[in-house]
Amino acid sequence: MAVDMEMKSTGSDEKEIQGRSLWQDAFRRLLINKASVVSCVVLLSIVLIAVIGPWIHPNPFDEVYWDYIQAAPDMEAGFYFGTDTNGRDLFVRTLYGIRVSMLVGLVATGVSLIIGVTYGAISGYVGGRTDHIMMRFVDIMYSMPFMFFVILLMVIFGRNIFLIFAALGAVEWLTMARIVRGQALSIKNREFVEAARASGVSNFNIIRRHIIPNALGPVIVYVTLTIPQVILIESFLSFLGLGVQEPMTSLGVLISEGAQQMESAPWTLLFPASALAIILFCFNFIGDGLRDALDPRDR
Amino acid sequence: MLSFILKRLAGAIPTLLIIVTLAFFLIRSAPGGPFDKERTIPPEVAANLNAVYHLDDPLWEQYLYYLGSAIQGDFGPSFQYRDFSVTELIAAGFPVSLTLGLTAIFLAITIGVSLGAVAALKQNSLIDYAVMATAMTGITIPNFVMAPLLTLVFGVYLNMLPVGGWGESVSQAFLPIIALALPQIAYIARLTRGSMIEVLRSNFVRTARAKGLPERLMLSRHALKAAMLPVVSYLGPASAAVITGSVVIEQIFGIPGIGRYFVQGALNRDYTLVMGVVIFYGSLIISFNLVVDIIYGFLDPKVRMG
């Protein structure tokens, strides 16, 4: 793996030696896993619909249709998922909810990725006492009731979507840091790092060019498992009324509203709930597939 | 053993201190005071209120004051429920939350371990696939989705169980406990299956079988004990998850536990209440982790008590 990555990063003048890289191998293995492939397709279509749908669909997400208050799904009237208690088109609102959930998932995971990878790589590469202190800090953070702190943050600074991004990212980086640190510890003693050090590459560049690219496998697997987790936490907060605020919506808000009306209007619960469940399922299957694909030891 | 326990205890104290400190300064950096929502009150009254709640002292004095009383279990008065102290509210809600949480964890362990063990013994059979598919569903679908769905099916459509309330009949507790336990059942089943499969391939199980030990005894005396280790170490995170989950479950089913006060407090910006609950649950999770660590130390001879 290390050698392959080296070739890629040093240039393309050795193209005639066509080895199969770890990534090609992993991709091939991933394609064999049917659940993952199906999940990828489903997830991509959902994202595509959520992104494009609201542009094409004529109904705005916050328009109240007075003749259709809490109407059941009706194809002819154009309300595929029915309307909510305020007479707003639930289909369009669900699409907006998916957009928000996905956005939160991606951005917060991105934040956690940046913090976690940097922190872990430095901790593992520097080692010694620095490593000890840095990891001790992670241990302490781990034992905190984080969900409660996120709620605390929401209470204090108001319900701001950017705050959700930051708070969730700040919570989720811990495991990422541990994973990368473990990888860095084992990579830093390998010959190619020693060679780089001997030829005078700076520590920063060694971390950037050698440590991080070689730690990517487990990181990617963990990223696919973090995204659904973040989506889940955001929905949880929104469900409690502490997340995204009206008239904007998210899947958690929709599920919470649906749960209150489920006896008279079960569709207001079922559609957003299934959307969330399907998204979470897809991410989990993709994560499992990636883990199997990138970690051949388990086969 | 004693030094091991003492060492873990000593490790828990700084964590607790950080929790209290963080909670205190986060709350105090909040824009707006707790009395902002009231009708405009005369300045003298506001000054009096601030004096009673120590809001006009310097920040670090307030912090020390709060720290001192928090150590004695006094979290101050609730800003929202004027006639109660936070400690009283927590004390009122705790028995309910504890019953709910402990029953859920107990259910999760018994059902989860049995399902996982059966799946491991019948690996790659229909039972195995059924258990694993159910587990996947249980892990993936969050309990704030599961709880309303369960209510819709069993409470509304089938009309078998009451959909809310607490303490009037035992059947009221069914749905909330199941909704709370389900993800943990799923997780423990998956853990048990994995470790059980590994244990069944190990040498000591082969030895036990070779010397003619009946399958049942082999399982109960050897395999299950070894396979339980990952489950025991998962109990720490599980308890944290159950506590977090109970916040939602109590809200959905209208159960008068701590979680419900917490959400109400959060929505009403009831600072002292929110802080009290964060600290209380924080220490609860830390002590639970401590107990789990110690139990694990007893069970696994490989853990050195240094």
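The values are calculated or read from the model by the stated rules, or taken from the named source; none is laboratory data. All figures in this text were calculated on a predicted structure; none of them were measured in a lab. Cβ sites come from the backbone with ideal geometry, for glycine too, and all protein chains shown count toward neighbours. Only protein heavy atoms, including side chains, enter the accessible area calculation; ligands, DNA and RNA are left aside. Shrake-Rupley method; radii C 1.70, N 1.55, O 1.52, S 1.80 Å.
In table form, for the structure just shown:
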{"read-out": "Any hit, the stretch B:184-197, residues being open to solvent by 10 Å² or more (accessible area, probe 1.4 Å) and under 18 Å from residue B:253 (Cβ atoms)", "value": "yes"}
{"read-out": "Residues that are more than 10 Å from every other protein chain (Cβ to nearest Cβ) and crowded, with 24+ Cβ neighbours inside 10 Å, drawn from the stretch A:254-264", "value": "A:254"}
{"read-out": "3 or more residues open to solvent by 10 Å² or more (accessible area, probe 1.4 Å) and facing chain A (nearest Cβ under 9 Å): qualifying helices (runs of 4 or more DSSP H) within the stretch B:215-303", "value": "B:224-253, B:271-299"}
{"read-out": "Number of the exception - residue A:144 against (1) part of a loop (DSSP other than H, G, I, E, B); (2) open to solvent by 40 Å² or more (accessible area, probe 1.4 Å); (3) not small (Gly, Ala, Ser)", "value": "(2)"}
{"read-out": "Checklist (1) within 30 Å of residue A:183 (Cβ to Cβ); (2) surrounded by fewer than 23 Cβ atoms within 10 Å (Cβ to Cβ) applied to residue A:86, failing item", "value": "(1)"}
{"read-out": "Exclusive hit being within 11 Å of another protein chain (Cβ to nearest Cβ), open to solvent by 20 Å² or more (accessible area, probe 1.4 Å) and either touching a strand residue (DSSP E or B) at 6+ places or on another chain (Cβ under 7 Å) or more than 21 Å from residue B:227 (Cα to Cα) (or both), set B:161, B:149, B:102, B:126", "value": "B:149"}
{"read-out": "Options B:126, B:121, B:115; residue that is out of contact with any helix residue (DSSP H, G or I) (no Cβ under 7 Å at 6 or more places or on another chain) and closer than 18 Å to residue B:199 by Cβ", "value": "B:121"}
{"read-out": "Test for residue A:274: is it of a type in the set (S, T, N, Q) and buried (at least 23 other Cβ atoms within 10 Å of the Cβ)", "value": "no"}
{"read-out": "Tally of residues being of a type in the set (Lys, Arg), modelled with pLDDT of 70 or more and open to solvent by 90 Å² or more (accessible area, probe 1.4 Å) across the stretch B:1-48", "value": "2"}
{"read-out": "Condition check for residue B:287: hydroxyl-bearing (Ser, Thr, Tyr), closer than 30 Å to residue B:206 by Cβ and out of contact with any strand residue (DSSP E or B) (no Cβ under 8 Å at 6 or more places or on another chain)", "value": "no"}
{"read-out": "Condition check for residue B:210: out of contact with any Ser or Thr (no Cβ under 7 Å at 6 or more places or on another chain) and modelled with pLDDT of 85 or more", "value": "yes"}
{"read-out": "One residue from B:116, B:155 being within 11 Å of another protein chain (Cβ to nearest Cβ) and small (Gly, Ala, Ser)", "value": "B:155"}
{"read-out": "Any hit, the stretch A:183-191, residues being touching a Gly at 6+ places or on another chain (Cβ under 7 Å), open to solvent by 40 Å² or more (accessible area, probe 1.4 Å) and of a type in the set (A, V, I, L, M)", "value": "yes"}
{"read-out": "Residue within the stretch A:232-253 that is more than 27 Å from residue A:169 (Cβ to Cβ), open to solvent by 20 Å² or more (accessible area, probe 1.4 Å) and either within 11 Å of chain B (Cβ to nearest Cβ) or modelled with pLDDT of 85 or more (or both) present", "value": "no"}
{"read-out": "Per-region count, the stretch B:66-98, residues touching a residue at least 24 places away in the same chain (Cβ under 8 Å), of a type in the set (S, T, N, Q) and not in a loop (DSSP other than H, G, I, E, B)", "value": "2"}
{"read-out": "Scan of the stretch A:172-182 for residues that are hydrophobic (A, V, I, L, M, F, W, C) and crowded, with 22+ Cβ neighbours inside 10 Å, ordered by number", "value": "A:173, A:176, A:177, A:180"}
{"read-out": "Any hit, the stretch A:193-208, residues being open to solvent by 10 Å² or more (accessible area, probe 1.4 Å) and within 14 Å of chain B (Cβ to nearest Cβ)", "value": "no"}
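Residue by residue, here is whether (1) touching an Asp or Glu at 6+ places or on another chain (Cβ under 8 Å); (2) under 27 Å from residue B:99 (Cα atoms); (3) open to solvent by 30 Å² or more (accessible area, probe 1.4 Å) holds:
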position	(1), (2), (3)
B:142	no, yes, no
B:155	no, yes, no
B:170	no, yes, yes
B:179	no, yes, no
B:200	no, no, yes
